[in-house]
Structure formats: C-alpha cells, structure tokens
Amino acid sequence: MTEQAFYEIALILSLAAVLGAVGMLLRQPLIVAFLATGILAGPAGLSLIQSHGQIELLAQIGISLLLFVVGLRLDLTLIRTTGPVALATGLGQVIFTSLFGFLITLWLGFSPVASLYVAVALTFSSTIIIVKLLSDKKEIDALHGRIAVGFLIVQDIVAILAMIILTAVGSGGASDGATFSRIAFTALKGIGFLICIGLLMKYVLPGLTKRLAWNQELLLLFSITWAVFLGAAGDYLGFSKEVGAFLGGVSLASTQYREAMAARLVSVRDFLLLFFFIDLGARLDFNTVGPQIPNAIYLSLFVLIGNPLVVMAIMGVMGYRRRTGFLAGLTVAQISEFSLILAALGLSLGHLSKEAMSLVTLVGVITICLSTYMIIYSGTLYRWLSKPMKVFEKKHPYREQLDAETCAIPTVDFILIGLGNYGSGLARHLIRRGKRLAGVDFNPQSLAAWRSQEIPVMFGDVGDPEFLDNLPLNCSAWVVSTVRDKTLNVTLLHLLQERQYEGKIALTAMDEEEAKVYSSRGAHVVLRPFDDASEEAADSLTEAMHLLPDDIDWPLAVEEIRLRKDSVIAGQLIRNLDLRAVTGISIIAVSRAGKVHLDPDPNFQLFPGDRLVLMGEPGALKDAVEILDETKEDEFGQGPGGFATAEVEVDGASAHVGHSLAETKFRKTYGVTVIGIVRDHERIPMPRPEERLMASDRLIVIGTHESVEKMKKQKI
C-alpha cells in the first residue's frame, strides 16, 4: 500500500511539473496548473489518485504553513505607512463585494448560508499571486504596489476573522441560545489561547529562536513544527488548523529571524500547497460543475470588473490619480487561495454544498487566469481605458500633486529619476559638487527620506506617460534616469524628444547592447554602473596594501584615497603638494588603471581617478586625507583660466559654410577645437578635418574659458 502511494505521488508530481511548464509558457500562476493536475489525476481524468488520505494530510500541512507564513510576515507598519488608503480600500472592497456578491448569489438561486459563503469567498484576493506579479514587474515598491500590499494584508486579517467566526458557529442544529453560548465559550478559549501565545512571545520565543538560529536547518525544522503544532492546538480548541497556524506565525513575527524563517519556508509551503490544489481539483464533481458554468461567468465578471471599480472609486475620492487607482484595482480582480480554503471549510462544516464549492472553484480558475494577463499588460490596458476613467479622478488629485508642488523651484541642474541605491549615491555626489537637483521616484519611503534632508523630490513613475507633466523640464539642464529597464528608458527618451526637451539626457544601461541602443536614439550620456563599479573594484583589488609586515610594530598606518575629478590637486605634480612638509605623510604608491607605481618620484603627475596610498602617523593621515579630498570652488571648465565647452550654431550667411574644418582654422582663429557636430538629428563625434560645414550646424567646441566666450560672442 505504501509503495502504491509512492508510485501514485510520483506520477502526480510528474504531471504537475509538465502542466506547470505549460502554465509558465502561458504566463499563468502555478495554482491554475495544480488545479488542472488534480482534475486530470482525479476521477474525471486519469483516475490516478487513490491515496486520498495521504494527499489530504500533505494538503493540510501545506495550508498550515501558508497561514503560518502570512502571520510571520504580518506587517502592520506597512498598513500605517500607506495611510488610511489601505484600510479604506481593503475594508471598502470587502464590504462592497460581500454585499453585492450576496445579492447576486441569492439571485442565482443559492440558499442564504451558501450565498454568504460565496460572497465572502469573492472578497479575498491572492496575496501570493499579486506579490509575485508585482515583484516580477518591479512594481512592488511603487505607490500602487505598496497600497495593494497594504489592503491585501487587511483582506488576510478579515479572512482569518471570518474563519474564526465560521468555525465557532460550525456545529449547527442548536438553538439560538446554545449558539450564543457556544460562541461565548469559543471566545473564552480564544482569549486563553492568545494569552498563552503572548506569554510565549515575550518570555520564551525570542531566546529560543536566538539559540536555534545558530543552525539554519534546525531553525527551519522548528518553524514547521511550531506551525503544525499550533495548527493542531487551534483545531483541538475548536477554532481551526488555519487559525492556529496563523497565530503561530504572528507569535514569531516580532523576532529578528522572521525573514530567515519565511524565506526558507516558502519553497516547502509551495510544494505542500500543491497537494491542496490537487486534492481540490480531484474532488471536483463535473456533474455539478457543468451547470455552474453560467453562474461562474456572472460572478467572474463581477469580480473582474466590480472589484477594481470599487477600489478606483475609493482611491479617487481620497485624492489619488486614476492611474494609481487603476493599477491598484487590478490586484483585486481575482479570488485567492483563501477563498478556496474558506469554501472547503464551509463544505466540511456542512454549510456549503458541492455545487457551491464547484462554483467558487470555477470562479477562482477564471479570475486568476484572466487577472494575471490584466496585471501583466496593465500599461496597455491603461492606455486604452485612460479617458473614460477620468470619472474616477478628482480635478486636482492632491495626494500625488502635493509632491510636485513642493518641487517648484526656479532652476535645477538635474532632474534625477530613480532614487534607489545607485540613484541616491549619484544624487549625493552631485549635491556635494554644488549641483541643484530635483529627485523623482515611485517609492514613498525614498521620497520621505530625501524630503527630510530638504531636497526637492516628487512622486513619479516612468511607466506613466503623464508623469512628465509635473516635471520642471523647462528649467532643467539635464534629465538623468537611473532606472534599469530598457523599455522604460526608451519610452522616457521618446517622450522627452516628443516634447522637444532642449536639455541633455542621460540614461542608465545594464550592458553594452543597451548602451548602443540609447546612444543611437539620441541619449547624450549613457551611465554604466556595473561596468564603472567593476573597474573601480579591480583597481582596489590590485592595490599594494601589504607593504607593512604584520610582525613589525611601527607607529605608522596606511591609508588609501581615490582622487576625484574635482579635487584641487588633480593635474598637479607630487612635489608641488608640500604634503610631507605640512602633515609628515608620504605618498608611497599610486594605482592607475590597474598598474601600481611604487614610490613615485616628485615629478609624478596625479590625475583624477588615481588611487593614492598614504603612509604616516595615524593622526596625521586624517589631515592629509582632508587636504587631498578638498574640491575646487569652481567647477572644472567654468572658472576663468579653466577649460569649457559650448555649442555654437553656424550662421546661414557664414563664410565658413561649405568649407572643411581644416580650412576654417578655428583653432588658430579662436583657440578652440571642434569635438562634435550636431546636424539635424545626426551626431558626428570627433569630426575629421575634411568634414565640411553646413548651414545650421551646431558645433560642440572645447577650449579655454576665454576662448569659448570669445567664439560665442561672434557669429561664425
């Protein structure tokens, strides 16, 4: 019997893997593939499933782990940071869907109890699926992503409360007085259960998890044990396995190891949940499913259309733009695994018929399949539906415009789009160089952090074609995108060119191919963060930092500093620094492009990007670093006597039109060199001497500040 069950599960897993691969090609969540596996392996298909007891046991453990992880990751702080909108949309959507879903299900001919179960099941959206889809689209930290996760947490809490209430009244057939007594007794048991868990949370679990964390395998085993144990305790006390497992996760959510436990449990949870959905699919009675198809279509349309509309309406009233409301609303256009678990609970309690269970399952399959594509192609859907959705947007959507108003400054040097790790680092270096910038990001926490430093920032999403309306483009010299998405960067470039933006554009490329695409389409500068960082890392790794043996105890220390482009000593000879005379510190090595120059002579010239190895007394090293790290007051090329670049247009009546660069003798006449020509939409870098000038050519010239200013004042 045991061997037969093993062979059976092996076949079922093989079938699930094949259908999962097909689902992946169709861009569908695995839930759909697992349900299809159950249907094919069940009585309606190949009749592979005979060991129902074993599969049901694995399914129950999987559900316990699902609820345990939900409790483990319960982040009430997220609800607070997204403000009232998470509670308003979460509770508003639950109330709307429950009410109208109940009326629709009654109209379809179901009993009041069955209608209530179905209506409540329709209110829950899949946190697992939504978080996965938003993460894949890199929208989990966007404003609509944070709001969506916030109200999904609210829905999860409502689902848990619903299961507690339904379990409490589960044993029907008694009088109203007996029902009230049963609820009261269940409440007392629940309070006692919560008190015990609270005491464990405070006095036992923090120290226990700290000791177990020394062995990650043991920590994983404890997590599974705790989830199943509290699930069993909850079931014994008359609640349910789901409620007990959820409270088990909550009890560990405050420990510092919750992320480690959750990360390791995800794979185990997903594997065991496979058996829940297989078991569910196998139990589908197609004699009851067929007649429910029309009803499932009605309810699916209600979920796919009604749920997003109510979220959009609530967010519109609260002052959010229609795009934010639309993208957040799409995340509730399906029912979740909680809906199926709730329906299965109702079936086991005798509250729900097989016909109603089949109806909920069909609605789940339909809405999960269709809403997945809706979220994947949300940008396209928004472009199609943008105009009619204006009804959901106030004339002044202040929630997102306030950020833009705080950024209304006369002039900025840079508009920096993307304030993640790379963008924030770039912003700090630009500010350090005295540049004025306006930051743009879709992460409210990043915006709040920069606003606390009195840096003008605004909310904006590159994927939104309307976000450029709020940017001060007319008073900015540069637009810099640190977004690492080729499609979004190309779209941004196209939109800026379409609006005839006159400043410069810099985009961030992940590889050489992207860099070529951006350059060919008109980007003035392409940033390569990984390439630049790897070159700098290679320089660091090739440093000669082992000069002082460990067995020699000298009162000396070694320090390394990288020479910035705007350093006051860039371009100077070592003998002109007087570093040794002032601080007593010596430059004992210079690393340049991977080559180390040991003991450089006094005539060694220092360049930006050089890495200097300093040696001397520890106290004096700090003074030396401050001297070497000092920046120029005037930006390179801006002050008198420095170099400058400029763009000069060739006048149509100029005598130079038709002549080659060699014949114009700009270098001799003006003291400048032509390093580029912009001709219509063509860019000619480093033009050859025989290149002939045409009317309206824009010449990019470089020379001393005085020479460039002299040329700009004269028509050429």
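Data for the structure
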item	result
Distant-in-sequence amide H partners of residue 457 (H built 1.01 Å from N, under 5 Å)	439
Check: segment 2-385 dipole with +1 on Lys, Arg Cβ and -1 on Asp, Glu Cβ, in debye	1100 debye
Highest to lowest packing among 29-39, 486-496, 47-57, scored as the average C-beta count within 10 Å	29-39, 486-496, 47-57
Projected label distance in nm at residue 204 and residue 665, using a 7 Å step from Cα toward the beta-carbon	9.6 nm
Cα gyration tensor shape of segment 242-330, rounded if a/c is under 1.5, else prolate or oblate by comparing a/b with b/c	oblate
Prolate/oblate/rounded label for segment 2-385 (Cα gyration tensor, a/c 1.5)	rounded
For 617, 3, 393, 512, order by how many other beta-carbon atoms lie within 10 Å, fewest first	3, 512, 617, 393
³J(HN,Hα) computed for each position of segment 327-337 - Karplus, 6.51 cos²θ - 1.76 cosθ + 1.60, integer Hz, glycine/proline x	5, 5, x, 4, 6, 10, 8, 7, 9, 10, 5
Members of 504/710; 137/387; 435/504; 435/516; 189/241 lying beyond 18 Å, as alpha-carbon distances in this model show	504/710; 137/387; 435/516
Derived scalar couplings ³J(HN,Hα) [segment 62-73; Karplus, 6.51 cos²θ - 1.76 cosθ + 1.60; whole Hz; x for Gly, Pro]	x, 5, 4, 5, 4, 5, 4, 5, 4, x, 5, 9
Whether segment 186-272 is rounded, prolate or oblate, judged on the alpha carbon gyration tensor where a/c under 1.5 counts as rounded	oblate
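Every read-out reported here was derived from the displayed coordinates using simple, explicitly stated rules and does not represent laboratory data. In this text, all values refer to a predicted model and were calculated from it rather than measured experimentally. Every residue, glycine as well, gets a Cβ built from its backbone with ideal geometry; the counts of neighbours run over all protein chains shown.
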